[in-house]
1. Identify, by number, the condition in (1) of a type in the set (S, T, N, Q); (2) over 20 Å from the mean Cα position of the chain (by Cα); (3) surrounded by 18 or more Cβ atoms within 10 Å (Cβ to Cβ); (4) within 23 Å of residue 118 (Cβ to Cβ) that residue 318 doesn't meet.
2. Would it be correct to say that residue 80 is farther than 30 Å from residue 139 by Cα, in contact with a Lys or Arg (Cβ under 9 Å, 6 or more places away or on another chain) and of a type in the set (Ser, Thr, Tyr)?
3. Given the criteria of a type in the set (A, V, I, L, M) and within 25 Å of residue 318 (Cα to Cα), does residue 105 qualify?
4. Could you say which residue among 278, 300 is more than 23 Å from residue 231 (Cβ to Cβ) and surrounded by fewer than 17 Cβ atoms within 10 Å (Cβ to Cβ)?
5. Considering only region 256-269, state which residues are in a helix (DSSP H, G or I) and crowded, with 21+ Cβ neighbours inside 10 Å.
Amino acid sequence: MPFTVAGYIPEAPTQSLQNAQQLFTTVFGPNVDLNPSGVVGLFAQQLANYRINNETFQAYIVNNVLNPDFASGIFLDIISKFNGIKRIGATFSVASLTIRGLAGVTIPIGSQVLNANNDVFANITAITIPSSGTINVTFQAIKSGPINVDANTINRIATPIAGWDSASNTTTGTMGVNIQSDTVLRNLRQKTLALNSANTFNSIISACSQSSTIINFGLLENYVSAPITVQGVNLVPNSIYLSVYGGSPAEVAAILYTKKSGGCAMNGNTTYTYTDPLYSYITFIAVYQSAIPTRIYVNLSFYGNTSLPINIASIIQNAFVANFNGTDGVNIPTKIGLAIFASRFNVTLASLSINQIQTLTIGTDQNPQNQGNVVSLTFDKVATLQASDVTVTVLT
């Protein structure tokens, strides 16, 4: 089929079969037996199948692989690389464990412990218990992804070793993430198209989006010569307001120094003096908002069944956190300045085969009666969600 303004339109399967049959009619004459049960008819059908596969392949290459809005997998990776963007791979949850036991006992690499959900963690370095009988060591989940590492949840030894008495994590570790999904990667690419530019609103957005240490951010602009109030914050005339959660002051200041337009004023509660790395006599005073963490609470009640695992509440809590932070490989993380709807968790519940939901609310108050369907924070705040702030009630 020829190219059209709509792209490459593959011919219909019936047309592919007719074209294959016409080939045999042209070669062997109009009386050739094209019955599918015969040899020639079967041969024509096979040629049609090859033609259909080829048409499908060409349509996919032209209409999907070359279009970042539809490309997926390795093809989306290739397109993203043109913008210097690489898909974020899966990482492993890690936790610091306090090991107790007999002095001098050696615990080999790969020795295992379990958390409350029976997820397995292993030490990444060999351990020799010192004379004090106690040592803090890093353990890593053997499977990638968001494995729970809440404080006091990893406390069972799975590899018995004489003289090794106990293991426990008194602090919350760092939860791993799933490999970045096509949806999230496509969204990241869209937000970083202006990475190589400067003096524009999108330049700052692209630089913040590309940072590996900035967890969340939002950007406002006042382009008029009078002070205004937007989303609960005051902006001086002709200024920008960058609200950031995570990232070092030096990194944020470098972004503002290299990306914002000259003479543009800034707002916020944080000031940092940045020195140009090439010209030490040039200094820049960056002003931005260090976003104030605000805990979000979620309340869920649903009707359970015997097919659900016994620790379904914990599974839901961790899945909601991964959804909220965009580390589940599917959902886009919540953003500063954007409303957070309770309905965003429906896709997570569906993936867990939970559909008989009675209550699903969200709010800044732990009391479900003070919660609702949506949370909106002022621009100087960043929403955070932890597993313990997700209340799960299984009804019978």
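1. Only one criterion is unmet by residue 318, namely (2).
2. yes
3. When the stated conditions are applied, residue 105 does not pass them.
4. 278
5. Those that are in a helix (DSSP H, G or I) and crowded, with 21+ Cβ neighbours inside 10 Å: 256, 259.
Each row is one residue, and each column tells you yes or no for (1) over 28 Å from residue 81 (Cβ atoms); (2) under 45 Å from the mean Cα position of the chain (by Cα); (3) loosely packed, with under 14 Cβ neighbours inside 10 Å.
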| site | (1), (2), (3) |
| --- | --- |
| 29 | yes, no, yes |
| 36 | yes, no, yes |
| 45 | yes, no, no |
| 51 | yes, yes, no |
| 55 | yes, yes, no |
| 65 | no, yes, no |
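This table checks each residue for (1) of a type in the set (A, V, I, L, M, F, W, C); (2) within 17 Å of the chain's Cα centre (by Cα); (3) within 20 Å of residue 148 (Cβ to Cβ).
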| residue | (1), (2), (3) |
| --- | --- |
| 253 | yes, no, no |
| 265 | yes, no, no |
| 278 | yes, no, no |
| 294 | no, no, no |
| 311 | no, no, yes |
| 314 | no, no, yes |
| 322 | yes, yes, yes |
| 341 | yes, no, no |
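Just so you know, all these numbers are worked out from the coordinates, no wet-lab data involved. From a predicted model like this one, the values you see are computed outputs, not experimental measurements. When we count neighbours, we look across all protein chains shown, and the Cβ atoms used for this are built from the backbone with ideal geometry, even at glycine.
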